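The next block holds one structure in the form of structure tokens; read it before the comments.
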Amino acid sequence: MYNSIKHAAGLKRASELKTRIQEYLDIEKTIETGFRMKERNRINKERILEYFQAKESDWNRWSWQMKHRISDVETLKDLLPLSNREIEEIRQISQEFRWAISPYYLSLIDPENYRNSAIFKQAVPDIKELQDHSGHEDPMAEADTSPAPTITRRYPDRLIINVTNQCGMYCRHCQRRRNFEQKDTHASMANLVLALDYVRSNTEIRDVLITGGDALMLSNSVLDWLLSELDKMEHVEIKRLGTRTPVTLPQRITPELCAVLARHEPLYINTQFNSPLEVTLEAKKACDRLVKAGVVLGNQAVLLKGINDNAHVMKKLNHELLKIRVRPYYIFHAKQVKGTAHFMPSIETGLNIMENLRGYTSGLAIPTYIINAPHGYGKTPLLPNYILSLDEKELIIRTWENRIIRCENVPGSEEDLFVAN
Ligand SMILES: *Cc1c(COP(=O)(O)O)cnc(C)c1O
């Protein structure tokens with residue numbers, strides 16, 4: 001039966017909830033996303049194509065994108081209005097650190113306001129990289145946790161195979177910067193065979209993560225072979241690929257690649273979208289193809305100062321990702337890698353973001369915030385405190401709206417304890 005008192009309470013609560021979202025709604029309108037900027041991106045694309053004297057069909061081939069990666073300041077200064085000082089600084093860093101940007105990823109930068117661009121900051125080297133004397137080359141001690149060539153094993157039932165150091169774009173915040181100072185190299189077939197031997201003879205490994213570099217820098221045929229070998233091992237239940245190509249080089253996700261991937265289910269791909277600007281029509285097309293091939297998509301964002309260290313931007317990013325069927329999986333606290341101190345946010349910033357997600361948005365849009373313990377001791381979740389106290393009788397919680405509420409622990413546990421004593 002219709003209950004008018006309850007109805008009035010429901011209305012009151014609904015209007016209270018509306019006030020809780022108002023601040024976000026006001027700010028959300030001002031956040032630039034790849035979809036909103038599609039016209040600007042298109043104009044940038046035309047300009048870059050004209051510069052390279054190329055056609056739309058070239059743009060859509062990943063081999064063209066790779067071959068025309070911008071990796072010297074002479075080219076970059078023709079495509080962005082860099083100051084003389086920036087040109088000089090980038091030239092200086094280029095002698096120490098490699099960098100390379102696909103024409104596609106460059107087209108996401110607003111040339112009129114490039115210094116504040118989340119894309120520019122991730123892709124173009126900054127003189128601060130040379131001025132950072134903190135941090136470590138290898139903060140996770142990956143070099144010490146390798147029981148076989150190309151393998152990093154840090155957990156009981158799963159491991160990583162590092163198949164290449166090549167990427168479509170060399171992220172300035174990369175945790176494996178130490179690996180890309182040299183040139184692009186794929187793991188040798190001999191080493192991949194040794195890695196597969198290791199997985200084959202360690203039957204507790206049920207989850208194999210192929211990464212790099214970028215796993216999708218491998219050719220379709222090598223990927224097909226690697227995944228087929230893993231499929232033959234009964235104990236390997238799932239396979240994962242780590243790749244940023246849906247973000248930096250979506251042209252890599254071809255129908256031919258998807259036909260290969262479709263043969264190797266269950267297959268998971270985790271990628272790294274860090275900014276709502278990266279969720280473009282091209283990225284959506286790539287993700288649509290992967291989903292149709294039966295691949296399950298997840299996102300591992302990195303919390304980066306000046307890029308996504310803001311609760312509203314991070315929420316918008318996660319909403320945009322769900323629209324293209326990519327489930328937010330992790331937000332990583334940036335690692336203390338030498339040359340990346342200018343990207344490091346505080347832990348409080350990350351906790352504040354998590355505080356502003358839970359309750360305020362779909363659980364699907366809430367990844368786990370992770371810090372990597374030093375020395376390779378593993379991913380560790382960080383969470384705002386929701387448990388105020390816990391004993392045998394009761395739990396006291398703080399809800400997302402800061403209500404303090406008492407919950408009974410196991411019902412009747414008090415009597416059970418009494419009897420047991
Ligand atoms: C991150 C990582 C994994 C995967 O961890 P999940 O929490 O299962 O996603 C596996 N092995 C190593 C060495 C890793 O660094």
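The values are calculated or read from the model by the stated rules, or taken from the named source; none is laboratory data. Note that this is a predicted model, so its numbers are computed, not measured. Positions of Cβ are backbone-derived with ideal geometry, glycine not excepted, and every protein chain shown enters the neighbour counts. The area values use the complete protein model at the heavy-atom level, side chains included, leaving out ligands, DNA and RNA. Shrake-Rupley method; radii C 1.70, N 1.55, O 1.52, S 1.80 Å.
Observations
- Whenever a residue of the stretch 48-66 is over 17 Å from Thr248 (Cα atoms), it has no partner that is at pLDDT below 95 lying with C-beta atoms less than 9 angstrom away and at least six residues away or across chains.
- Glu278 passes every criterion in (1) closer than 23 Å to Arg36 by Cα; (2) open to solvent by 10 Å² or more (accessible area, probe 1.4 Å) apart from (2).
- Helices (runs of 4 or more DSSP H) fully within the stretch 205-299 that include at least 3 residues being in the same structural domain as Ala365 (by TED's automatic domain parsing) and acidic (Asp, Glu): 220-231.
- Only residues that are modelled with pLDDT of 95 or more and part of a strand (DSSP E or B) were counted across the stretch 300-350, and they come to 11.
- Which numbered condition Val236 fails, given (1) open to solvent by 10 Å² or more (accessible area, probe 1.4 Å); (2) under 19 Å from Pro149 (Cβ atoms); (3) more than 16 Å from the ligand (Cβ to nearest atom): (3)
- Filter result (among the acidic types (Asp, Glu) and open to solvent by 50 Å² or more (accessible area, probe 1.4 Å)) within the stretch 185-219: Asp197, Glu204
- Some residue of the stretch 136-150 being surrounded by fewer than 20 Cβ atoms within 10 Å (Cβ to Cβ) and away from the ligand (no atom under 16 Å from the Cβ): yes
- Restricting the stretch 357-387 to residues that are open to solvent by less than 50 Å² (accessible area, probe 1.4 Å) and in a loop (DSSP other than H, G, I, E, B), the residue that is nearest to the ligand (Cβ to nearest atom): Pro367
- Helices (runs of 4 or more DSSP H) within the stretch 20-100 that include 3 or more residues within 29 Å of Lys285 (Cβ to Cβ), outside the structural domain of Thr254 (by TED's automatic domain parsing) and open to solvent by less than 60 Å² (accessible area, probe 1.4 Å): 38-51, 62-67, 73-79
- Put simply, of Tyr170, Tyr155 the only residue that is open to solvent by 10 Å² or more (accessible area, probe 1.4 Å), in a loop (DSSP other than H, G, I, E, B), under 30 Å from Val199 (Cα atoms) and modelled with pLDDT of 90 or more is Tyr155.
- Total residues in the stretch 105-127, condition among the acidic types (Asp, Glu) and closer than 16 Å to Gly34 by Cβ: 1
- Checking each residue in the stretch 300-359 for being among the small types (Gly, Ala, Ser) and over 21 Å from Val124 (Cα atoms) picks out Ala311, Ser346, Gly350, Gly359.
- For the stretch 184-212, the tally of residues that are of a type in the set (D, E, K, R) and within 16 Å of the ligand (Cβ to nearest atom) stands at 3.
- Test: residue in the stretch 108-122 that is open to solvent by 70 Å² or more (accessible area, probe 1.4 Å), touching a helix residue (DSSP H, G or I) at 6+ places or on another chain (Cβ under 8 Å) and at pLDDT 95 or above: no
- Taken together, Gly363, Gly350 contain a single residue that is of a type outside the set (S, T, N, Q) and touching a Phe, Trp or Tyr at 6+ places or on another chain (Cβ under 7 Å), which is Gly350.
- Identity of the residue in the stretch 314-339, open to solvent by 30 Å² or more (accessible area, probe 1.4 Å) and not hydroxyl-bearing (Ser, Thr, Tyr), that ends up nearest to the chain's Cα centre (by Cα): Arg327
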